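K.L.:
Questions regarding the structure given below will be posed in turn.
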Amino acid sequence: APAPPPARHLFSSPAEVEALRGNLLAWYDRCKRDLPWRALVRADIGKRRPALLPAVWVSEIMLQQTQVATVIHYYNRWMQKWPTLQALAEASLEEVNELWAGLGYYSRGKRLQEAARKVVTELAGQMPRTAEELQKLLPGVGRYTAGAIASISYGQATGVVDGNVIRVLCRLRCIGADSSSPAVIDWLWDLANALVDRSRPGDFNQALMELGATVCVPKAPLCRECPVKQHCQAWRRKLFGKPPAVPDVEDCGKRVGDCPLCPPATEPWDSSLGVTNFPRKAAKKPPRAMRTATCVLERRGCHGAPEYLIVQRPSSGLLAGLWEFPSLPLAQDLQEEKEREELADHLQAWMGQPVAAKGLRFIGEVIHIFSHIHQTYVVYSLHIDGDVTLDPALSPSRWVTEDEFRASAVSTAMKKV
Ligand code: SF4
């Protein structure tokens, strides 16, 4: 028989669960931030118009890996341009990429558009309404996003677990094992599903996330102002400490090292960290270093204004379908002279005429950090006199003015270049 769950990591009493829900929701009603998608979510729920693009879907996808302050501007433009599922389904990928430019993780916008198209063409315009169906039927909708849409837009009593919820729950229940491990993640989903308020699931989930975003923050949580501090094991432990000679057996009723949710025996509670002992994560792999040579090719346009050549990236992989200056990934530790030669050869393919390596002017280096790549762009420039016929057999390419460049689907990294 499986071992009984360690009581310290559970909310075992229904009365405590009720009290926690009540305290959290009362705080949320008083203190929640006024965010644009919250107003629209209320409107969606009131009208139940199936053709509307669910506001929470767009906001949740945009908020993945991105700060609220950055998202608001993109969200407002998106909802103005494509307020309905039909409108988004009819948009081109180019339009989606142009609007998404600068928000990062571009596959999110692409999948959102593909999913809208699927709802319109295969599901008769009807959004799936449960977390299970949303996750199963819509591309780009994972367990978290499905739970958020189902609970916030359609009132299903289902929990959500995102980075904020992980932090809050790990602190509430003193969960100190690696918070990205399957055992901990499964436990947190069970806790979230058990805690979610049955009559106001969407508000409860937003309240838990809001608590993590504004009070139970990573570095300096505001425990004294926290509406659920009386239910928080980490806070209790910080207040009352524990006798040093007593082993961690008091934590959850298991011997040190036996509990899959307690901190490992090698990393016991550090009193200088207080509640920020939780959550804990295994050390991240360092990002991979990459070098890419890129060339800003410039010519005089027909009205005398400078124009620049941009080319489209492949339709899959990093920055799929976005536009960039002609670029070439480089081997590490290549001599500068060799870098120039390789870039000149690459440019020759675009221009259909020889390019002298020494004609390339070195401008500088631009560093851009993607989530898993530390990218260095080695930037060159080249002025061209006369016309260049671009080879249509290569990737799509075009000449743009500076204003057109800024309005195109180009990444933040290319704007830095
Ligand atoms: Fe987080 Fe502190 Fe509240 Fe506990 S008491 S949930 S650690 S803010």
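K.L.:
What is the dipole size for the chain, taken about its Cα centre, with +1 at each Lys and Arg Cβ and -1 at each Asp and Glu Cβ, in debye to the nearest 20?
P.N.:
1580
K.L.:
Here's something else I'd like to know. Using alpha-carbon pairs under 8 Å, 6+ residues apart, how would you state the relative contact order of region 288-407 in percent?
P.N.:
It comes to 37 percent, rounded to a whole number.
K.L.:
For a protection proxy built on the mean count of beta-carbon atoms within 10 angstrom, sort 104-117, 203-216, 260-273 highest first, please. Show your work: numbers first, answer last.
P.N.:
On the way: 104-117: 20.0, 203-216: 22.4, 260-273: 14.6.
The packing order, highest mean first, is 203-216, 104-117, 260-273.
K.L.:
A further question follows. Which ³J(HN,Hα) values in Hz, rounded to whole numbers, follow from the phi angles of region 100-105 under the Karplus curve 6.51 cos²θ - 1.76 cosθ + 1.60, where θ = phi - 60° and Gly and Pro get x?
P.N.:
7, 3, x, 8, x, 6
K.L.:
How many Å² of accessible area per residue for the chain, probe 1.4 Å? Don't skip to the answer; put the middle values down first.
P.N.:
Working: 20500 Å² over 417 residues.
In whole numbers, the chain has 49 Å² accessible per residue.
K.L.:
Further, regarding this structure: Amide H neighbours of Asp258 under 5 Å, at least 5 residues apart or on other chains, H built in the peptide plane: list them.
P.N.:
Counting only residues 5 or more places away or on other chains, the set is empty.
K.L.:
Within the accessible area of region 288-407, what % is carbon and sulfur when the probe is 1.4 Å and the other protein chains stay in place? Please list the in-between numbers first.
P.N.:
Values: 3410 of 6580 Å².
Ligands and nucleic acids excluded, carbon and sulfur reach 52 percent.
K.L.:
Hey, what do the phi angles of region 159-172 turn into as Karplus ³J(HN,Hα) couplings, whole Hz, using 6.51/-1.76/1.60 and θ = phi - 60°, x for Gly and Pro?
P.N.:
x, 9, 10, 10, x, 5, 5, 4, 5, 5, 5, 4, 6, 4
K.L.:
So what is the relative contact order for the chain, in percent, with contacts set as C-alpha pairs under 8 Å and at least six apart?
P.N.:
On the way: 636 pairs, mean separation 64.9, N = 417.
Computed over the chain, the figure is 16 percent.
K.L.:
Still on this model: DSSP beta bridges in the chain, what fraction antiparallel, as a percent rounded to 5? Please report the intermediate quantities before stating the final value.
P.N.:
Details: 22 of 36 bridges.
Of the beta bridges lying entirely in the chain, close to 60 percent run antiparallel.
K.L.:
Name the shape class, rounded, prolate or oblate, that the alpha-carbon gyration tensor gives for region 7-231, where a ≥ b ≥ c are the square roots of its eigenvalues, rounded holds for a/c under 1.5, and otherwise prolate holds if a/b is larger than b/c and oblate otherwise. Show your work: numbers first, answer last.
P.N.:
Values: a/c = 1.85, a/b = 1.75, b/c = 1.06.
Judged from the Cα gyration tensor, region 7-231 comes out prolate (a/c at least 1.5, a/b above b/c).
K.L.:
Same structure again: Which ³J(HN,Hα) values in Hz, rounded to whole numbers, follow from the phi angles of region 197-208 under the Karplus curve 6.51 cos²θ - 1.76 cosθ + 1.60, where θ = phi - 60° and Gly and Pro get x?
P.N.:
Going residue by residue, I get 5, 6, 9, 9, x, x, 5, 4, 4, 5, 5, 5 Hz, with x marking Gly and Pro.
K.L.:
With only Lys, Arg, Asp and Glu charged, each at its Cβ (+1 for the first two, -1 for the last two), find how big the charge dipole of region 94-136 is about the Cα centre; round to the nearest 20 debye.
P.N.:
Taking the Cα centre of region 94-136 as origin, the dipole is about 140 debye.
K.L.:
Taking amide H positions as placed in the peptide plane 1.01 Å from N, state which residues far from Phe370 in sequence (5 or more) or on other chains have amide H under 5 Å from it.
P.N.:
Gln375
K.L.:
Let me ask something else. State whether region 306-364 is rounded, prolate or oblate according to the following rule on the C-alpha gyration tensor (a ≥ b ≥ c being the square roots of its eigenvalues): a/c under 1.5 gives rounded; otherwise a/b larger than b/c gives prolate, and the remaining case gives oblate.
P.N.:
Oblate, since a/c reaches 1.5 and b/c is not below a/b.
K.L.:
Place +1 on the Cβ of every Lys and Arg and -1 on the Cβ of every Asp and Glu in region 288-407, take the dipole about the Cα centre, and give the residue among Gly304, Ala331, His346 whose Cα lies farthest towards its positive end.
P.N.:
Ala331
K.L.:
Express the Stokes-Einstein translational diffusion coefficient of region 288-407 in µm² s⁻¹, to the nearest whole number, given a Kirkwood radius over alpha-carbon pairs, 4 °C and a viscosity of 1.567 mPa s.
P.N.:
Details: Rh = 15.1 Å.
Translational diffusion coefficient: 86 µm²/s.
K.L.:
Starting from the amide H of Gly159, placed 1.01 Å from N in the peptide plane, find each other amide H under 5 Å away whose residue is 5 or more places distant or on another chain.
P.N.:
Hits under the 5 Å cutoff: Asn193.
K.L.:
Please give the direction-averaged projected area of the C-alpha convex hull for the chain, in square nanometres with one decimal.
P.N.:
Working: hull surface 103.2 nm².
Convex hull of Cα atoms, orientation-averaged projection: 25.8 nm².
The values are calculated or read from the model by the stated rules, or taken from the named source; none is laboratory data. None of these values were measured; they are calculated from a predicted model. No Cβ is skipped: glycine too gets one built from the backbone with ideal geometry, and neighbour counts run over all protein chains shown. Accessible surface is based on the protein model in full, side chains and every heavy atom, while ligands, DNA and RNA are left aside. Shrake-Rupley method; radii C 1.70, N 1.55, O 1.52, S 1.80 Å.
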